[in-house]
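The values are calculated or read from the model by the stated rules, or taken from the named source; none is laboratory data. This structure is a prediction, so every number in the text was calculated from the model and none was measured. Neighbour counts run over all protein chains shown; Cβ positions are idealised from the backbone, glycine included. For accessibility, only protein heavy atoms count, side chains too; no ligands or nucleic acids. Shrake-Rupley method; radii C 1.70, N 1.55, O 1.52, S 1.80 Å.
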Amino acid sequence: MTHPFYCLHTHGFIRVAVATPTVRVADPAFNVARTIELARQADQHGASLALFPELGISSYAIDDLLQQEALLGAVDTALVELVEASCGIHPLIVVGAPLRHRGRLYNCAVAILRGRVLAVTPKVYLPNYREFYEQRHFASGAFVSGEDIVVAGQTAPFGSDTLIEATDFPGLVIHTEICEDVWVPIPPSARAALAGATVLLNLSASNAIVGKSDYRETLCAAHSARCLAAYLYSAAGQGESTTDLAWDGEALICEKGDVLAKAPRFSDEPQLALADVDIGRLLAERMRHGTFGACADVEQGATHYRRIAFELAAPCDRDLGFLREVGRFPFVPADETRLAELCFEAFNIQSHGLEQRLRATKIKKAVIGVSGGLDSTQALLVAVTAMDALGLPRENVLGFTLPAFATSESTKANAWRLMRALGVTAQEIDVTAACKQMLVDIDHPAARGEAVYDTTYENVQAGARTSLLFRLANRHGALVIGTGDLSELALGWSTYGVGDQMSHYNVNASVPKTLIQHLIRWCARDARFGAETAAVLEDVLATEISPELVPGEARQRTEDTVGPYALQDFNLYYTTRYGFAPAKIAFLAWRAWRHASAGSWPAGIAQEDKIAYDLSTIKHWLGVFVKRFFEGSQFKRSALPNGPKVSSGGSLSPRGDWRAPSDSVADAWLSSLDDIP
């Protein structure tokens, strides 16, 4: 046995399988044998659910053979065999079969769990156009509800009104539809999702024609996004009749717009696509999207559902692995093309936000403190871009380097090089004397030469700089451009009021530290501001992150205090975007970060920076994050200046994604850390 923490089920994930078996035309005995084989494989892989194609027991393209007594009798016999075999198979099995009921034939999905027929769902929309003529053989299930049917000697609920709900896995509610049902304007699964279904199944045949696969994938992914659900799709494949059609065996697993897994098409071998679906994520999204619930209220009464209870009995004492890619950097895609697109969008959101603020205030100048670090560099690039777009000279950007007690020559030199390369108005004002005077005025030990480098000592410098920038803005009729980023705001790593927490407009307010470096690298790579600027940007990227507030031989490292930004941005994303408990966040972080060689890294990450974090390190810095985020720094976020929302991970503005009390305690989150070994 292993600690429950390491099991995916503990954290609200279930493993699902979509199967595309090899079939034989009109041979239920052969087909059910292949179905059982794949169901057992799904079980061996730890799946809780296995989905099979439409009419997979009989095969789909058999035309009038569907009306033959021998064929239908063989289907009934095959289902008896499947139900008996399922007693030794853990996952819920959903198969397609033609079934007779009250003198009519229905295209059905049969849900079977460990010897029990849970429910039978008839197809609602029967295509009767182009190559399809299902109405020749089948009756629609549109008006079948509240009925029962006998399958394999068992009486089971029959109708389009069934939802299958796990009693021991919160939020796992399953709905089944068949092929054409998802191609109509209002699929049955849409109303089922509004009624609480989180996992939507589609047993399909869907022949292959040129271009159809892309459309199917788009359709399934978009439907999962609109329904805030998982959508599983299994299409007929190898062995189906090719008298007039061909089949590709498409298998898809989608979740809220993302394609988690898919099987190779046109395979000569049976295929099994597997993925771990996050039920907790789906529940969190539905809770946050108020319009989802509002739509459910509007549609209430359109369909009345019967809820069939079952026990999933998912084990929590085993590490089953994790069949789901978890990116190390949730704000930064690993795919280079997607990253470039994201950088383009993020940069333009920042610059257009500043353009509008300058246009609205009729102010034509901007004041910015340039330190030579990542944040001020990005803010300066945005300010220059806004001036260019407004047709104003770059000299209207007033850049100031403001050295104090611990400013390094390298960062100051980079600040000067950057301002000169960009052609902004550049000036240096040394605030050392002003800071010394304040230390004297408040009788701080450092004023007497004592090496006391406390918060007061640091904030005297931060406050002197910001106060000076505001007065310079008054003097020149300009806006103070904020440089503090989302990561710093989350951790409270800013000086409140007369400090770097305040500005007239903060272009970086919704940009995390892990993304800022890629925005700068994106500008440097394509020399968007010229070759000279690009060279400076490369030097800025190579500079270690430091507030440069404490003198001494050892350089002050921000991450020694607040933790690695890579981990803290990960914690931030899953805390604010989904509201996950710390134990689940730690589980995801451990899966993402435990092996440096596994998974994809975003372009531009140096080899020496491709490191791993063990669980104890993840737990430690998560504790730091929880304490800093939930207890002690909200008052800074409640008084944030304006700035544009940039990423889907959210913003911490009290007028945007995040509203919270300033006097909360972190005990509930800290106690969740006890669930981490």
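Taking the criterion of being among the small types (Gly, Ala, Ser), open to solvent by less than 40 Å² (accessible area, probe 1.4 Å) and in a loop (DSSP other than H, G, I, E, B), would at least one residue in the range 470-482 satisfy it?
At the first step, the residues of the range 470-482 found to be among the small types (Gly, Ala, Ser) are 473, 477-478, 482.
Those left that are additionally open to solvent by less than 40 Å² (accessible area, probe 1.4 Å): 473, 478, 482.
Right, trim to in a loop (DSSP other than H, G, I, E, B) and you get none.
No, the range 470-482 contains no residue that is among the small types (Gly, Ala, Ser), open to solvent by less than 40 Å² (accessible area, probe 1.4 Å) and in a loop (DSSP other than H, G, I, E, B).
Tell me, which helices (runs of 4 or more DSSP H) lie completely within the range 585-677 with 2 or more residues that are under 15 Å from PHE570 (Cβ atoms)?
Numbers: elements: 615-630, 634-637, 667-672.
Hits in the range 585-677: 615-630.
Quick check: is even one residue across the range 332-343 farther than 30 Å from THR22 by Cα, surrounded by 13 or more Cβ atoms within 10 Å (Cβ to Cβ), of a type in the set (Val, Ile, Thr) and touching a His at 6+ places or on another chain (Cβ under 9 Å)?
Taking the range 332-343 as the starting set, the residues that turn out to be farther than 30 Å from THR22 by Cα are 332-343.
Right, trim to surrounded by 13 or more Cβ atoms within 10 Å (Cβ to Cβ) and you get 332-335, 339-340, 342-343.
Of the ones still in play, those that are also of a type in the set (Val, Ile, Thr) are 332.
Within this subset, residues satisfying the condition of being touching a His at 6+ places or on another chain (Cβ under 9 Å) are 332.
Yes, because at least one residue in the range 332-343 is farther than 30 Å from THR22 by Cα, surrounded by 13 or more Cβ atoms within 10 Å (Cβ to Cβ), of a type in the set (Val, Ile, Thr) and touching a His at 6+ places or on another chain (Cβ under 9 Å).
Consider TYR574 carefully, then state whether it is in contact (Cβ under 8 Å) with a residue 40 or more places away in the chain and under 16 Å from the mean Cα position of the chain (by Cα). Let's see the steps before the verdict.
Details: in contact (Cβ under 8 Å) with a residue 40 or more places away in the chain: yes; under 16 Å from the mean Cα position of the chain (by Cα): yes.
Yes; evaluated as a whole, the condition is true for this residue.
Does ILE174 meet the test of being outside any helix (DSSP H, G or I) and either out of contact with any strand residue (DSSP E or B) (no Cβ under 7 Å at 6 or more places or on another chain) or under 27 Å from GLY237 (Cα atoms) (or both)?
Details: outside any helix (DSSP H, G or I): yes; either out of contact with any strand residue (DSSP E or B) (no Cβ under 7 Å at 6 or more places or on another chain) or under 27 Å from GLY237 (Cα atoms) (or both): yes.
When the stated conditions are applied, ILE174 passes them.
Taking the condition over 21 Å from THR162 (Cα atoms) and over 29 Å from the mean Cα position of the chain (by Cα), does ALA42 pass?
For ALA42, the condition - over 21 Å from THR162 (Cα atoms) and over 29 Å from the mean Cα position of the chain (by Cα) - is not met.
How about the range 164-208: which of its residues are free of Cβ contacts under 8 Å to residues at least 12 places away in the same chain and among the hydrophobic types (A, V, I, L, M, F, W, C)? Talk me through it step by step, then tell me what you get.
Keep residues of the range 164-208 that are free of Cβ contacts under 8 Å to residues at least 12 places away in the same chain, which gives 185-186.
ILE186 - this is the single residue of the range 164-208 that is free of Cβ contacts under 8 Å to residues at least 12 places away in the same chain and among the hydrophobic types (A, V, I, L, M, F, W, C).
Could you pull out the residue among ARG417, ARG357 that is farther than 29 Å from SER648 by Cβ, open to solvent by 10 Å² or more (accessible area, probe 1.4 Å) and of a type outside the set (A, V, I, L, M)? Show your work before the answer.
Working: ARG357 fails: farther than 29 Å from SER648 by Cβ.
None of the others qualify; the one that does is ARG417.
Condition first: over 23 Å from VAL332 (Cα atoms) and either under 24 Å from the mean Cα position of the chain (by Cα) or buried (at least 19 other Cβ atoms within 10 Å of the Cβ) (or both). Now tell me which residues in the range 638-658 satisfy that. Break it down into steps so the answer makes sense when it comes.
Going through the range 638-658, the residues over 23 Å from VAL332 (Cα atoms) turn out to be 638-642, 654-655.
Those that are over 23 Å from VAL332 (Cα atoms) and either under 24 Å from the mean Cα position of the chain (by Cα) or buried (at least 19 other Cβ atoms within 10 Å of the Cβ) (or both): LEU640, PRO654, ARG655.
Which members of the range 97-138 meet the condition of being open to solvent by 10 Å² or more (accessible area, probe 1.4 Å), in contact (Cβ under 8 Å) with a residue 24 or more places away in the chain and farther than 22 Å from VAL182 by Cα?
The answer is ARG100, HIS101, ARG104, LEU113, ARG114, GLY115, ARG116.
Each row is one residue, and each column tells you yes or no for (1) of a type outside the set (D, E, K, R); (2) at pLDDT 95 or above.
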position: ASP485; (1), (2): no, yes
position: ALA490; (1), (2): yes, yes
position: SER510; (1), (2): yes, yes
position: LEU519; (1), (2): yes, yes
position: ALA527; (1), (2): yes, no
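So, in the range 438-464, exactly how many residues are loosely packed, with under 12 Cβ neighbours inside 10 Å, among the β-branched types (Val, Ile, Thr) and assigned to a helix (DSSP H, G or I)?
1
Check the range 150-163 and report whether any residue there is open to solvent by 10 Å² or more (accessible area, probe 1.4 Å), among the small types (Gly, Ala, Ser), at pLDDT below 95 and more than 30 Å from the chain's Cα centre (by Cα).
no
Return the total of residues in the range 79-88 being touching a strand residue (DSSP E or B) at 6+ places or on another chain (Cβ under 8 Å) and either among the aliphatic types (A, V, I, L, M) or surrounded by fewer than 21 Cβ atoms within 10 Å (Cβ to Cβ) (or both). Can you show your working first?
Of the residues in the range 79-88, the ones touching a strand residue (DSSP E or B) at 6+ places or on another chain (Cβ under 8 Å) are 79, 82-83, 86.
Now drop any that are not either among the aliphatic types (A, V, I, L, M) or surrounded by fewer than 21 Cβ atoms within 10 Å (Cβ to Cβ) (or both), which leaves 79, 82-83.
Residues that pass the stated criteria total 3.
List the pairs whose first member sits in the range 458-481 and is under 23 Å from ASP441 (Cβ atoms), whose second member is acidic (Asp, Glu), and whose Cβ atoms are under 8 Å apart, counting only residues at least 6 apart or on separate chains?
From the range 458-481, the pairs are ALA462/ASP500; ARG465/ASP500; THR466/ASP500.
Restricting the search to the range 224-268, which residues are part of a strand (DSSP E or B), more than 20 Å from SER59 (Cα to Cα) and either open to solvent by less than 30 Å² (accessible area, probe 1.4 Å) or touching a Phe, Trp or Tyr at 6+ places or on another chain (Cβ under 8 Å) (or both)?
Result: ALA230, TYR231, ILE253, CYS254, GLU255, ALA261.
Just name the residue that is nearest to PHE580 (Cα to Cα) out of those in the range 288-347 that are out of contact with any strand residue (DSSP E or B) (no Cβ under 8 Å at 6 or more places or on another chain) and basic (Lys, Arg).
Across the range 288-347, the extreme among qualifying residues is ARG288.
Filter the range 580-622 down to residues that are under 16 Å from the mean Cα position of the chain (by Cα) and of a type in the set (D, E, K, R) and give me whichever is surrounded by the most Cβ atoms within 10 Å (Cβ to Cβ).
Of everything passing the filter in the range 580-622, LYS584 is surrounded by the most Cβ atoms within 10 Å (Cβ to Cβ).
Could you tell me which numbered condition GLU395 fails, if it satisfies all but one of (1) open to solvent by less than 50 Å² (accessible area, probe 1.4 Å); (2) touching a strand residue (DSSP E or B) at 6+ places or on another chain (Cβ under 7 Å)?
The single condition GLU395 does not satisfy is (1).
Specify the residue that is nearest to the chain's Cα centre (by Cα); the eligible residues are those in the range 180-214 that are of a type in the set (A, V, I, L, M, F, W, C), over 17 Å from THR303 (Cβ atoms) and open to solvent by 10 Å² or more (accessible area, probe 1.4 Å).
TRP183
Can you name the number of the only condition in (1) open to solvent by 20 Å² or more (accessible area, probe 1.4 Å); (2) more than 24 Å from the chain's Cα centre (by Cα); (3) not acidic (Asp, Glu) that SER633 fails?
With (1) open to solvent by 20 Å² or more (accessible area, probe 1.4 Å); (2) more than 24 Å from the chain's Cα centre (by Cα); (3) not acidic (Asp, Glu) applied to SER633, the lone miss is (1).
Any residue at all in the range 365-383 that's open to solvent by less than 10 Å² (accessible area, probe 1.4 Å), assigned to a strand (DSSP E or B), touching a Phe, Trp or Tyr at 6+ places or on another chain (Cβ under 9 Å) and under 25 Å from TRP522 (Cβ atoms)? Steps first, answer last, please.
Of the residues in the range 365-383, the ones open to solvent by less than 10 Å² (accessible area, probe 1.4 Å) are 366-368, 370, 372, 376-383.
Checking which are assigned to a strand (DSSP E or B) leaves us with 366-368.
Add one more test, that the residue is touching a Phe, Trp or Tyr at 6+ places or on another chain (Cβ under 9 Å), and what stays is 366-368.
This time we only want the ones that are under 25 Å from TRP522 (Cβ atoms), so: 366, 368.
Checked against the condition, which is being open to solvent by less than 10 Å² (accessible area, probe 1.4 Å), assigned to a strand (DSSP E or B), touching a Phe, Trp or Tyr at 6+ places or on another chain (Cβ under 9 Å) and under 25 Å from TRP522 (Cβ atoms), the range 365-383 yields at least one hit.
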